[in-house]
Amino acid sequence: YGKRMRQMITHDHVSQWMNELKTAWEGKDPDRALRLFEETALYRERPFNPGTTQEEYRRYWAGIVDLEDIRFDYEIVAVVNDTACVHWENWYRESIGGKLDHLDGVFIIIFDEHGKCAQFSQWWFME
């Protein structure tokens, strides 16, 4: 991660950010989700191949418009300086009447000095 300013981010700020992500997920709104990542330099959906451009982030989020019965829940595990750790669960169907998929994962979100997401990493498992 190199040297960076260690801004203090609050639990309330992380909660507001996560609520916005939840609204975007459940509302199947990729544009709303992408606004959260406008200042993000590294987006790790898979740990060994991070996205670094808005086009890559958009490709990842584009698929949510086709999902059904989306539910997204989260719990903020820790907030230390500029970094948040969030446990999340996500349920959805890839088609109407299809199998209900269940994902369980963790986000590590590093915020910049303006409270924007600078780095985003996630690890998840599917049931």
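The values are calculated or read from the model by the stated rules, or taken from the named source; none is laboratory data. Being a predicted model, the structure only gives us computed values, none of them experimental. Here Cβ is always computed from backbone atoms with ideal geometry, including for glycine, and neighbour counts include all displayed protein chains. These accessible areas exclude ligands, DNA and RNA; they are computed on the full protein's heavy atoms, side chains included. Shrake-Rupley method; radii C 1.70, N 1.55, O 1.52, S 1.80 Å.
General observations
- Residue, nearest to THR10 (Cα to Cα), within the range 57-83, restricted to residues that are among the acidic types (Asp, Glu) and open to solvent by less than 60 Å² (accessible area, probe 1.4 Å): ASP82
- Residues (modelled with pLDDT of 95 or more and open to solvent by less than 30 Å² (accessible area, probe 1.4 Å)) located in the range 84-101: ALA84, VAL86, TRP88, ASN90, TYR92, ASP101
- Counted residues, the range 8-40 - those being outside any helix (DSSP H, G or I) and open to solvent by less than 60 Å² (accessible area, probe 1.4 Å): 6
- Checking each residue in the range 43-78 for being among the hydrophobic types (A, V, I, L, M, F, W, C), at pLDDT 85 or above and out of contact with any strand residue (DSSP E or B) (no Cβ under 8 Å at 6 or more places or on another chain) picks out TRP61, ALA62, VAL65.
- Filter result for TYR43 (in contact with a helix residue (DSSP H, G or I) (Cβ under 6 Å, 6 or more places away or on another chain), of a type in the set (Ser, Thr, Tyr) and under 16 Å from ASP112 (Cβ atoms)): yes
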